Amino acid sequence: MSAWKDKENDPRLEGIASAIRVVPNFPKPGIMFKDITTLLLDPIAFKNTVDLFVERYTGKGINAVAGVEARGFIFGPPIALAIGAKFIPLRKPRKLPGEVISEKYTLEYGSDCLEMHVGAVQPGELALVVDDLVATGGTLCAAINLLERAGAVVVECACVIELPELKGRQKLNGKPLYVLVESH
Amino acid sequence: MSAWKDRENDPRIDGIASSMRVISDFPKPGFKFKDITTLLLNPEAFKNTVDLFVERYTGKEISVVAGVEARGFIFGPPIALAIGAKFVPLRKPKKLPGAVISEKYVLEYGSDCLEMHIGAVEAGERALVVDDLIATGGTLCAAIKLLEHAGAQVVECACVIEVPHLKGREKLNGKPLYVLVETE
């Protein structure tokens, strides 16, 4: 897989980073929310975002791209389609209609739960986890656990944005994390 | 735009229809829920689904693809990327971080609300609305109104599945509807 150094020199990254906007005091006072919807309004920047992930994961034998509801549903499917993998939606409770496995995870206040359909992955399949942003890593950790409980091998987590100060990278059960943009 | 007849003869439709599944008694007893997640597990069928929409909308000067949360987020972005349009997420209340416009719509019991960011579309832009399924048409109708309030012109609504006996097609303010599969 390509090195950090390659990514930092890629001329597409500046356009991607500058297309993301920060919305202060959302969802609560004091939080500077990283909003990717403005990236989606820029067809070139959105395409470049997907291309950077596709270039990294093409030809690596990845069978499944799992995307975390809801913004992971925006980035995951284009990657899956381009690399010939299946797309697996990981959802909040009671959204998936069939039989599911659930993984609970801790929030700043309280807890939440992520679900995956039974049978979505087969043991031994290679999987990516995709979301728009990694903060504390709680959601990605739950996603990794779901896939591993089903016997898949999580190759990497891929996010557009990382908030390094929240140290989510260290919460991923040793799985590598690849991001395009760091935000402070 | 291509005729119904063309679509019915397309050899890809069979594979798309057969890769979806029906889950009985979800979300409530008596419902037959049309589940597209099994389509997403079939890379070829998923690609064919996107290709059929892309072939229809390429070269039609569509600058906006609006997708309804959450399953419209799976189908909308790949279409947007392929035709060079921006992707606009239409979301449940309080999910979008910036200033929004809202449109209320009626459910079987009670009501719900769909939101779009202010500034996502410009007056005069040509837009598609994408979702996985159309039933009563309430959600799509709210989506059309949001785009029209912002001055966009909704060219067509595009769904993978239609449930014709619920007559959603007639609730779209006269906008055309294109679907790949009809179901009971």
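The table below lists the values:
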{"read-out": "Alpha-carbon radius of gyration plus Dmax, which is the widest Cα pair, for the range A:99-157 in Å", "value": "11.5, 35"}
{"read-out": "Apportionment of accessible area to carbon and sulfur, chain B, percent (1.4 Å)", "value": "52 percent"}
{"read-out": "Rg/Rg_globular for the protein assembly as shown, with Rg_globular taken as 2.2 N^0.38 Å and Rg from C-alpha atoms", "value": "0.94"}
{"read-out": "For the range A:46-60 versus the range A:115-163, the gap between their alpha-carbon centres in whole angstrom", "value": "17 Å"}
{"read-out": "Probe 1.4 Å - accessible area at B:Ile161, Å² to nearest ten", "value": "0 Å²"}
{"read-out": "Accessible area buried at the A-B interface, both sides summed, 1.4 Å probe (Å², nearest 100)", "value": "2700 Å²"}
{"read-out": "For the range B:167-182, Karplus couplings with θ = phi - 60° (6.51, -1.76, 1.60), whole Hz, Gly/Pro x", "value": "6, x, 3, 7, 9, 9, 6, x, 6, x, 10, 10, 10, 8, 9, 9"}
{"read-out": "Computed helical MRE - 222 nm, the protein assembly as shown, DSSP H runs ≥ 4 contributing -39500 (n - 2.57), nearest 500", "value": "-9000 deg cm²/dmol"}
{"read-out": "Estimated dipole of the protein assembly as shown in Debye, rounded to 20 [Cβ of Lys and Arg +1, of Asp and Glu -1, Cα centre]", "value": "520 debye"}
{"read-out": "For a label point 7 Å along the Cα-to-beta-carbon line of A:Val118, residues of the range B:16-38 with backbone N under 15 Å", "value": "B:24"}
{"read-out": "Per residue accessible area in Å² of the range A:57-138, where ligands, DNA and RNA are left out and the probe is 1.4 Å", "value": "36 Å²"}
{"read-out": "Residue-averaged beta-carbon neighbours from other chains (10 angstrom radius) around B:26-32", "value": "1"}
{"read-out": "The range B:81-144, Cα convex hull volume normalised per residue, Å³", "value": "106 Å³"}
{"read-out": "Spin-label pair A:Phe33/A:Lys47, simplified geometry with 7 Å Cα→Cβ offset, distance in nm", "value": "3.0 nm"}
{"read-out": "Relative intensity, log₁₀ I(q)/I(0), of the range A:3-93 from a Debye sum that treats every alpha carbon as a point, q = 0.11, 0.14 Å⁻¹", "value": "-0.38, -0.61"}
{"read-out": "Rounded if a/c under 1.5, otherwise prolate or oblate - the range B:1-135, Cα gyration tensor axes", "value": "oblate"}
{"read-out": "FRET efficiency, B:Asp10 to A:Glu108 (Cβ-Cβ, R0 41 Å, nearest 0.05)", "value": "0.25"}
{"read-out": "Average other protein chain Cβ within 10 Å of Cβ, residues A:77-90", "value": "5"}
{"read-out": "Solvent accessible area, Å² - A:His184, 1.4 Å probe, full protein context", "value": "150 Å²"}
{"read-out": "Rounded percent of accessible protein surface that carbon and sulfur make up, chain A, 1.4 Å probe", "value": "53 percent"}
{"read-out": "Per residue accessible area in Å² of chain B, where ligands, DNA and RNA are left out and the probe is 1.4 Å", "value": "43 Å²"}
{"read-out": "Under the Karplus curve 6.51 cos²θ - 1.76 cosθ + 1.60, θ = phi - 60°, whole-Hz ³J(HN,Hα) for the range B:88-94, x wherever Gly or Pro sits", "value": "10, x, 9, 10, 5, x, 6"}
{"read-out": "Length added when fully stretched, A:Val54-A:Gln170, from 0.36 nm per residue minus Cα-Cα", "value": "39.3 nm"}
{"read-out": "Cα-based radius of gyration of chain A once divided by 2.2 N^0.38 Å, which approximates compact folds", "value": "0.99"}
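The values are calculated or read from the model by the stated rules, or taken from the named source; none is laboratory data. Everything numeric in this text was worked out from a predicted model, so none of it was measured. Every residue, glycine as well, gets a Cβ built from its backbone with ideal geometry; the counts of neighbours run over all protein chains shown. The area values use the complete protein model at the heavy-atom level, side chains included, leaving out ligands, DNA and RNA. Shrake-Rupley method; radii C 1.70, N 1.55, O 1.52, S 1.80 Å.
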